Ligand SMILES: C[S@@+](CC[C@H](N)C(=O)[O-])C[C@H]1O[C@@H](n2cnc3c(N)ncnc32)[C@H](O)[C@@H]1O
C-alpha cells in the first residue's frame, strides 16, 4: 500500500470516528475522560487480574489499542513501573487531551482498520487491550491478525466491548425510559438513535469469540457485563 493510500484511509477513519462520536470531538474526549473509572471498574480490574499473569516488577510490553486520552496507560504505569507502555490512537481530539507522559509511555498514531505488520515486532507484546475499540473498526479481522503476529506465544489479548442486544432493551436504555410515542422525540433524534444502534450492536459476544478463535487464538474466558449489553473476553496466543 502506498503512503498516499494510507493517508486517505487515516483521514476516512478520522472522519468516520468524529461522526460516530456524535460530531463533537472535544465533547467525546471529555466524556471519555469522565467515564474512565466506570469503564475500568472493579469487574474489569478483576478480569484483568484473572488473565494477566505479570508481576508488578515485570519488564514487559503492554499495549492499549484505541487508548483515547491515555488514562489507562497511566494506571498501568503505576501498577507495572518497569513496563514499556504503548497506546494506539488516531482521533485528533483524543490525542489533544493527552497530558505530558512519562518516558515509559508512548502513544503512536495509527489506523487500526489497516494491516500494520510493522507497527510492532513479531512476538514482542505481552498483553494487548482493546476497551470499546472493536465496534468502532470497519472490521476487526485485520487487527486480530496483526495481534496474532505481535503477541508473544502465551501473550494475552483482553477485549471489552458493547455487544448485540434486542432493540427494545437498547431503546429502553438509550431513551432512559422515554416512550416512543413521546411527540418531543424528533425524527433527527430517532435517526441518530437508530444509527447508533447499528454501530453499537454489530456483534454477538459469540461472534467475537468465533472471530478470535478463527484467527488462531485460544479462548480463556468470555464474561457478560452491563446486564448483557457488553462483554469482556480474554484470549491467549498459543
Ligand atoms: C470508545 S473510545 C474508548 C477509549 C478508551 N479505550 C477507554 O476505554 O476509555 C474508542 C477509542 O478508539 C479509538 N479508535 C477507534 N477506531 C480507531 C482506529 N481505527 N484506529 C485507532 N484508534 C481508533 C477512538 O478514537 C477512541 O479513542
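The values are calculated or read from the model by the stated rules, or taken from the named source; none is laboratory data. This is a predicted model, so every value here is computed, not measured. No Cβ is skipped: glycine too gets one built from the backbone with ideal geometry, and neighbour counts run over all protein chains shown.
For residue 148, only one of the following conditions fails: (1) farther than 21 Å from residue 71 by Cβ; (2) part of a loop (DSSP other than H, G, I, E, B); (3) more than 10 Å from the ligand (Cβ to nearest atom). What is its number?
Unmet condition: (2).
Any idea which of 40, 21, 51 is more than 11 Å from the ligand (Cβ to nearest atom) and touching a residue at least 60 places away in the same chain (Cβ under 8 Å)?
Numbers: 40 fails: more than 11 Å from the ligand (Cβ to nearest atom); 21 fails: more than 11 Å from the ligand (Cβ to nearest atom).
Within the list 40, 21, 51, the selection yields 51.
Can you pull out every residue in region 82-109 that is within 11 Å of the ligand (Cβ to nearest atom) and buried (at least 17 other Cβ atoms within 10 Å of the Cβ)?
Kept after step one, since they are within 11 Å of the ligand (Cβ to nearest atom), are these residues of region 82-109: 87-95, 97-98, 107-109.
Across region 82-109, the qualifying residues are 87, 88, 89, 90, 91, 93, 94, 95, 97, 98, 107.
Take the residues of region 217-238 that are in a loop (DSSP other than H, G, I, E, B) and surrounded by 14 or more Cβ atoms within 10 Å (Cβ to Cβ): which is nearest to the chain's Cα centre (by Cα)?
Here is the first cut: in region 217-238, the ones in a loop (DSSP other than H, G, I, E, B) are 217, 229, 237-238.
Of the ones still in play, those that are also surrounded by 14 or more Cβ atoms within 10 Å (Cβ to Cβ) are 217, 229, 237.
On the way: 217: 18, 229: 15, 237: 19 Å.
Top of the filtered list is 229.
Evaluate the following for residue 16: is it near the ligand (Cβ under 10 Å from one of its atoms), part of a helix (DSSP H, G or I) and touching a helix residue (DSSP H, G or I) at 6+ places or on another chain (Cβ under 7 Å)?
Values: near the ligand (Cβ under 10 Å from one of its atoms): yes; part of a helix (DSSP H, G or I): yes; touching a helix residue (DSSP H, G or I) at 6+ places or on another chain (Cβ under 7 Å): no.
Against the criterion (near the ligand (Cβ under 10 Å from one of its atoms), part of a helix (DSSP H, G or I) and touching a helix residue (DSSP H, G or I) at 6+ places or on another chain (Cβ under 7 Å)), residue 16 does not qualify.
Does any residue of region 1-10 turn out to be more than 14 Å from the ligand (Cβ to nearest atom), touching a helix residue (DSSP H, G or I) at 6+ places or on another chain (Cβ under 9 Å) and modelled with pLDDT under 95?
yes
Would you mind stating whether residue 26 is at pLDDT 95 or above and either closer than 20 Å to residue 131 by Cβ or within 16 Å of the chain's Cα centre (by Cα) (or both)?
Numbers: at pLDDT 95 or above: yes; either closer than 20 Å to residue 131 by Cβ or within 16 Å of the chain's Cα centre (by Cα) (or both): no.
The answer is no for residue 26.
For every residue, the table says whether it meets (1) in a loop (DSSP other than H, G, I, E, B); (2) within 28 Å of residue 48 (Cα to Cα).
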{"position": "158", "(1), (2)": "no, yes"}
{"position": "161", "(1), (2)": "no, yes"}
{"position": "180", "(1), (2)": "yes, no"}
{"position": "183", "(1), (2)": "yes, no"}
{"position": "194", "(1), (2)": "no, no"}
{"position": "199", "(1), (2)": "no, yes"}
{"position": "202", "(1), (2)": "yes, yes"}
{"position": "207", "(1), (2)": "no, yes"}
{"position": "212", "(1), (2)": "no, yes"}
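Quick one: count up the residues across region 120-141 that are within 11 Å of the ligand (Cβ to nearest atom), free of Cβ contacts under 8 Å to residues at least 60 places away in the same chain and either on the phi > 0 side of the Ramachandran plot or surrounded by 17 or more Cβ atoms within 10 Å (Cβ to Cβ) (or both).
Residues flagged as within 11 Å of the ligand (Cβ to nearest atom), free of Cβ contacts under 8 Å to residues at least 60 places away in the same chain and either on the phi > 0 side of the Ramachandran plot or surrounded by 17 or more Cβ atoms within 10 Å (Cβ to Cβ) (or both) within region 120-141 amount to 1.
Hey, can you tell me all the residues within region 64-75 that are without any contact (Cβ under 8 Å) to a residue 40 or more places away in the chain, buried (at least 22 other Cβ atoms within 10 Å of the Cβ) and not in a loop (DSSP other than H, G, I, E, B)?
Within region 64-75, just 73 meets the criteria.
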